[in-house]
């Protein structure tokens with residue numbers, strides 16, 4: 001391999017190492033939907049014709065390996081967590097998959113999920129600051 | 001056990017006190033307030049004698065088929081129904097008709113179409129018509145009861161749609177007053193929406209009837225006599 005190709009490879013690997021990947025989501029309900037509707041990262045369940053407002057927080061694994069989050073215990077043992085960073089709210093991109101639910105923006109990271117018709121749907125969450133798409137299952141039940 | 005009249009009284013009291021909550025009219029996100037307003041005088045929620053088109057700070061339970069208006073405290077926002085469960089019948093005045101029983105989300109949207117707040121309206125199928133007389137104090141009348149009005153005095157007979165438990169429902173519905181004999185109504189009363197202002201000037205007798213939403217009927221036997229009823 002020529003030196004120039006090595007440089008290109010090194011740059012590519014370095015870039016890949018700094019690319020963050022979405023790992024998890026938090027879905028925080030901001031309103032209490034009627035009929036016992038619920039909202040969490042595990043799924044959203046609301047009645048047709050009703051709505052719930054949620055704040056969505058997306059997290060990435062720390063690409064730096066967590067060195068800055070290591071804690072030295074005693075002289076020899078070092079505990080390193082696997083820290084997560086939340087992506088900027090302004091970088092969030094949230095869409096809805098399926099006709100059962102509709103999505104309305106409130107703020108960068110706050111959305112209203114509306115039950116349009118009984119059936120399943122998904123929220124697809126991505127970020128301009130990270131790779132990957134995470135999904136939240138949405139179930140709309142009839143009233 | 002509570003009587004139907006007491007249930008209805010509680011419901012009316014609830015409507016009248018609808019502005020006394022801790023956070024009156026506040027949307028579920030707390031970014032705006034929703035105010036209910038009556039479109040017509042036939043709306044049982046707003047026909048208080050002193051303020052026939054008053055607005056309420058809490059969204060009352062609505063009758064299916066009823067027409068009502070919503071306002072937002074922030075004039076930059078506009079109430080919006082995201083589903084056909086509530087249809088818009090007047091976009092400028094933001095007037096809705098409740099088409100489907102159950103809960104319906106209503107948004108307050110800004111000029112960019114962003115949702116600033118939301119609220120849920122509860123819509124119930126009306127099952128009966130309640131009657132209330134008002135002459136100084138108020139009294140509930142069972143359908144079929146006798147209403148005696150002394151000649152020379154005035155009594156207001158008010159109708160309101162109610163659910164199967166007797167809870168009064170809000171929203172304007174078609175209200176048609178009639179009588180037997182047919183000319184009795186015009187002789188002794190004046191129609192004002194869901195309120196019949198009865199002021200007999202001579203002895204009369206017959207039946208006064210009200211039909212709400214085309215099919216819900218209530219009627220009273222009517223007697224006007226000099227010096228009091230029978």
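On the beta carbon distance between residue A:107 and residue B:125, with R0 = 25 Å, the FRET formula returns roughly 0.10. Other protein chain C-beta atoms within 10 Å of residue C-beta, averaged over A:41-54: 4. Which of rounded, prolate, oblate describes segment B:128-225, given a ≥ b ≥ c as roots of the alpha-carbon gyration tensor eigenvalues and a/c under 1.5 marking rounded, otherwise prolate only if a/b is larger than b/c? Prolate. Going from the residue with the fewest nearby Cβ atoms within 10 Å to the one with the most, B:133, A:128 rank A:128, B:133. Could you please state, rounded to a whole Å, how far the C-alpha centre of segment A:87-123 is from the C-alpha centre of segment B:97-157? So the separation of the two Cα centres works out to 35 Å.
How would you rank B:104-113, A:97-106, highest first, on the average number of other Cβ atoms within 10 Å across their residues?
B:104-113, A:97-106
Treating r as the C-beta distance of residue A:133 and residue A:32 and R0 as 30 Å, the FRET efficiency rounds to 0.60.
When you count the other C-beta atoms within 10 angstrom of each residue and take the mean per peptide, B:119-126, B:211-218, B:66-73, B:84-91 line up highest first as B:66-73, B:119-126, B:211-218, B:84-91. Averaged over the residues of peptide B:103-111, the number of Cβ atoms from other protein chains lying within 10 Å of each residue's Cβ is 4.
Only the coordinates and a few stated rules stand behind these numbers; no lab work does. Only a predicted model underlies this, so the values are computations on that prediction, with no experimental measurement involved. Using ideal geometry, Cβ is built from the backbone for each residue, glycine included, and neighbour counts are taken over all protein chains shown.
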